[in-house]
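Just below is one structure, and these are the notes that go with it.
The values are calculated or read from the model by the stated rules, or taken from the named source; none is laboratory data. Since the structure is predicted, the reported quantities are computational estimates derived from the model, not experimental observations. Quick reminder, even Gly has a Cβ in these numbers, built from the backbone with ideal geometry, and neighbours come from all protein chains shown. Each accessible area value is taken on the protein alone, full model and side chains, heavy atoms only, with ligands, DNA and RNA left out. Shrake-Rupley method; radii C 1.70, N 1.55, O 1.52, S 1.80 Å.
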Amino acid sequence: MYNHDLNNIPKFHGRRKGRKLSKSNQLALKIGDRYLIDKEDFKDVFLCKKNIILEIGFGDGENLINSAKQNSNFFYIGADPFLNTTAQCLNKILFHNLRNVLIWPDDVRKILELFPYNSISEIKILFPDPWPKKKHHNRRLIQKEFIEKIHQILKPKGTITISTDHDILKNWLLEKFQNYRKFEWMVRSSKDWRLRPPDCFQTKYELKSIAKKRKPSWFIFEKQ
Ligand SMILES: C[S@@+](CC[C@H](N)C(=O)[O-])C[C@H]1O[C@@H](n2cnc3c(N)ncnc32)[C@H](O)[C@@H]1O
């Protein structure tokens, strides 16, 4: 079931553009535009019979690209509003000639309404911006409304994996998911949240975090 109500989209507060793009990234934006998904393209994506994985905030694309390379039977959609990372990622998609990835170069909250219910197998959010200050907590991606929405679009038993190295965000997201109750935290021992899950690749942000002697945590919630 589609719901095209795109009103009430929260304002995006992160960076949209950083340093000047390199020549090769400028070129990637031009020739890689066939990999950019449009709102009108969504219905076609769901005609493919593959499992669809949504990665939100793919950054430099280490996880998105490596996952797509390794799993040609899965179809990946990456969302990130930062132009520099989109260009970087398109460059890698073109280099590896990938056929199973599309990029939404904007805030993911603008497209959540376009996903049919029960359509996504997995969602990955690796190191979302923590917005640690209390006055900025409404800028965090993980909110009750967001959790309700992803619960609708995930398939039954579909999972969402979220990592963070920030204590405030860690406690915030655990509280939000546990209050919602329609997700089960997939945890048996502390290893389950202290170690990167085997299907996630190391990202630039994780490397930075380890270099600063922080301890990333990994949470997997399954739709009930
Ligand atoms: C801290 S970086 C982490 C990047 C990457 N996942 C990594 O681990 O290296 C957070 C990323 O999330 C993106 N982001 C923030 N809010 C977003 C939103 N509403 N929709 C999609 N991406 C978002 C940012 O542009 C940024 O690239």
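Across segment 177-200, what is the number of residues that are of a type outside the set (Asp, Glu), open to solvent by 50 Å² or more (accessible area, probe 1.4 Å) and part of a loop (DSSP other than H, G, I, E, B)? Please lay out each step first, then the result.
Applying the first criterion (of a type outside the set (Asp, Glu)) to segment 177-200 yields 177-183, 185-191, 193-198, 200.
Then keep just the ones that are open to solvent by 50 Å² or more (accessible area, probe 1.4 Å); that gives 178-179, 181-182, 185-191, 193-196, 198.
Adding the requirement that they be part of a loop (DSSP other than H, G, I, E, B) leaves 181-182, 186-190, 195-196, 198.
Residues flagged as of a type outside the set (Asp, Glu), open to solvent by 50 Å² or more (accessible area, probe 1.4 Å) and part of a loop (DSSP other than H, G, I, E, B) within segment 177-200 amount to 10.
Hey, does segment 121-129 have a residue that's more than 18 Å from Phe58 (Cα to Cα) and of a type in the set (Ser, Thr, Tyr)?
No.
Determine if segment 132-142 includes at least one residue that is away from the ligand (no atom under 16 Å from the Cβ) and farther than 20 Å from Gly61 by Cα. Before you say what the answer is, go through the steps one by one.
Taking segment 132-142 first, the residues away from the ligand (no atom under 16 Å from the Cβ) are 134-135.
Remaining after also requiring farther than 20 Å from Gly61 by Cα: 134-135.
Yes - at least one qualifying residue is present in segment 132-142.
Here is a list: Phe58, Phe74, Phe82. Which entry is under 20 Å from Tyr205 (Cα atoms) and open to solvent by 20 Å² or more (accessible area, probe 1.4 Å)?
Phe82 is the lone residue from the list that is under 20 Å from Tyr205 (Cα atoms) and open to solvent by 20 Å² or more (accessible area, probe 1.4 Å).
In segment 13-50, how many residues are open to solvent by 60 Å² or more (accessible area, probe 1.4 Å) and either at pLDDT below 70 or not small (Gly, Ala, Ser) (or both)?
21
Looking at segment 50-70, can you tell me whether even one residue there is in contact (Cβ under 8 Å) with a residue 60 or more places away in the chain and away from the ligand (no atom under 16 Å from the Cβ)?
yes
Going through segment 201-224 one residue at a time, which ones are of a type in the set (Gly, Ala, Ser), under 20 Å from the mean Cα position of the chain (by Cα) and either in a loop (DSSP other than H, G, I, E, B) or over 17 Å from Ile160 (Cα atoms) (or both)?
Passing the criteria: only Ser209.
(1) within 16 Å of the ligand (Cβ to nearest atom); (2) open to solvent by less than 20 Å² (accessible area, probe 1.4 Å); (3) within 30 Å of Lys50 (Cα to Cα): which one isn't true of Arg109, the others all being true?
Evaluating Arg109 over (1) within 16 Å of the ligand (Cβ to nearest atom); (2) open to solvent by less than 20 Å² (accessible area, probe 1.4 Å); (3) within 30 Å of Lys50 (Cα to Cα) leaves (2) as the failure.
Among the residues of segment 157-173, is any under 17 Å from Phe58 (Cα atoms), open to solvent by less than 80 Å² (accessible area, probe 1.4 Å) and part of a loop (DSSP other than H, G, I, E, B)?
yes
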